[in-house]
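Step one of this worksheet: look at the structure below.
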Amino acid sequence: MKFVIANDHGGLSLVKTVESTLLKLGNEVEHLGSFDENSVDYPDFAQKACKKILENKADFAVLICGTGIGMSIAANKIKGIRAAAVSETYSAKMSRRHNDANVLCLGARVIGTETCKEIVEAFANEKFEGQRHINRLNKIKLLEEKYV
Ligand code: RB5
């Protein structure tokens with residue numbers, strides 16, 4: 001699978017951990033920035049990564065900011081994006097199984113590197129279960145059309 005990673009200054013410290021975990025699992029990874037600790041705006045980086053998914057240039061994105069919350073709010077404004085802000089492995093797994101999440105959002109000021117590795121592995125290894133969840137995702141698509 002192809003993953004893109006994007007972060008703001010608050011998320012920089014987890015980038016290498018996310019990248020190495022995904023590579024170890026056999027994924028292709030592209031880091032889209034930001035690349036240093038200068039203050040940047042997380043919506044710009046959320047957009048950069050989500051655009052790759054919408055253009056079929058990536059299967060998934062991992063977005064990292066201080067809490068994971070700003071990135072998830074921004075990403076979920078984009079039609080076709082299902083972003084999950086997660087800080088433990090159960091939710092990471094379920095975000096793939098039930099919600100078909102295509103974006104994982106992490107908070108570098110919330111989780112440590114070991115938890116980060118476990119979450120990324122859980123997310124990357126799970127598959128969408130389909131069935132009854134398809135109907136629910138279709139209802140989310142209807143919301144995207146209704147509230148533009
Ligand atoms: C940046 O200081 C911080 O606000 C950002 O990384 C993120 O946590 C926002 O949700």
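Points worth noting:
- Taken over region 1-22, the criterion of being more than 16 Å from the ligand (Cβ to nearest atom), crowded, with 18+ Cβ neighbours inside 10 Å and among the aliphatic types (A, V, I, L, M) is satisfied by V4, L22.
- Leading residue by the ranking (nearest to the ligand (Cβ to nearest atom)) among those in region 66-95 that are closer than 18 Å to E126 by Cα and under 11 Å from the mean Cα position of the chain (by Cα): A85
- Here the condition is being free of Cβ contacts under 8 Å to residues at least 24 places away in the same chain, surrounded by fewer than 16 Cβ atoms within 10 Å (Cβ to Cβ) and of a type in the set (K, R); of K77, K57, it holds for K77 alone.
- From the options L63, L32, residue that is modelled with pLDDT of 95 or more and within 11 Å of the ligand (Cβ to nearest atom): L63
- Among residues of region 93-121, those that are in a helix (DSSP H, G or I) and within 14 Å of A61 (Cα to Cα), counted: 5
- Counting only residues that are outside any helix (DSSP H, G or I) and surrounded by fewer than 19 Cβ atoms within 10 Å (Cβ to Cβ), region 83-92 holds 2 of them.
The values are calculated or read from the model by the stated rules, or taken from the named source; none is laboratory data. Because the structure is predicted, anything quoted here is derived from the model rather than measured. Don't worry about glycine lacking a Cβ; one is built from the backbone with ideal geometry, like all the others, and counts go over all protein chains shown.
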